[in-house]
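The values are calculated or read from the model by the stated rules, or taken from the named source; none is laboratory data. None of the values given here were measured: they were computed from a predicted structure. Using ideal geometry, Cβ is built from the backbone for each residue, glycine included, and neighbour counts are taken over all protein chains shown. Accessible surface areas use protein heavy atoms only, side chains included; no ligands, DNA or RNA. Shrake-Rupley method; radii C 1.70, N 1.55, O 1.52, S 1.80 Å.
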Amino acid sequence: MILAPQMMADNDDRSDEDGDVGLALKPKPKTKRPPLYKVMLLNDDYTPMEFVVLVLERFFGIGHAQATEIMLTVHKKGLAVVGVFPHEIAETKVTQVMDFSRRHQHPLQCTMEKE
Ligand code: TYC
């Protein structure tokens, strides 16, 4: 019988009942990455293009040229992923975009889904 390191407590000579000595299993470094979420913008017929570009610049740190490209992708295809984040950050982005859009009386929709 071989014991994992965590089962060797109270075993001063580091041997188990059969006399086996040493480490059978590597201790597993358990650094799980958090699940990621895609944040998406949805197209609509009313939100001004320049407002969508401003949203991408302000809340996602995207430069003007790339923000314009992404906005046009949403306009033509109906939606685009604008970033991928851990759950809490994705949720914050969605809330910021939705609040900002409503404050400016635009119907822009921002959603998230597990990657
Ligand atoms: N379709 C909008 C228009 O023609 C522009 C637009 C782009 C709206 C992207 C929303 O997420 C969006 N004014």
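Accessible surface of the range 43-107, 1.4 Å probe: 53 percent of it comes from carbon and sulfur atoms. Neighbours of residue 114 by Cβ distance under 14 Å: Lys/Arg scored +1, Asp/Glu scored -1, total -2. Residue by residue, the range 84-99 carries 3J(HN,Hα) couplings of 10, 9, x, 3, 5, 6, 4, 4, 5, 4, 4, 4, 4, 5, 5, 5 Hz when phi is fed to the Karplus relation 6.51 cos²θ - 1.76 cosθ + 1.60 (θ = phi - 60°); x denotes Gly or Pro. Under 5 Å between amide hydrogens, built in the peptide plane, is the criterion, and for residue 82 it picks out 39, 40, 41 among residues at least 5 positions away or on other chains.
Along the range 31-40 the Karplus relation, 6.51 cos²θ - 1.76 cosθ + 1.60 evaluated at θ = phi - 60°, assigns HN-Hα couplings of 9, 6, 6, x, x, 10, 10, 7, 9, 10 Hz to successive residues, with x for each Gly and Pro.
Under 5 Å between amide hydrogens, built in the peptide plane, is the criterion, and for residue 62 it picks out 57 among residues at least 5 positions away or on other chains. A Förster radius of 30 Å combined with the Cβ-Cβ distance from residue 31 to residue 114 puts the calculated FRET efficiency at roughly 0.90. With Cβ to Cβ distances under 14 Å as the rule, what net charge do the other residues near residue 105 carry (K, R +1; D, E -1)? Combined, the nearby Lys, Arg, Asp and Glu give 0.
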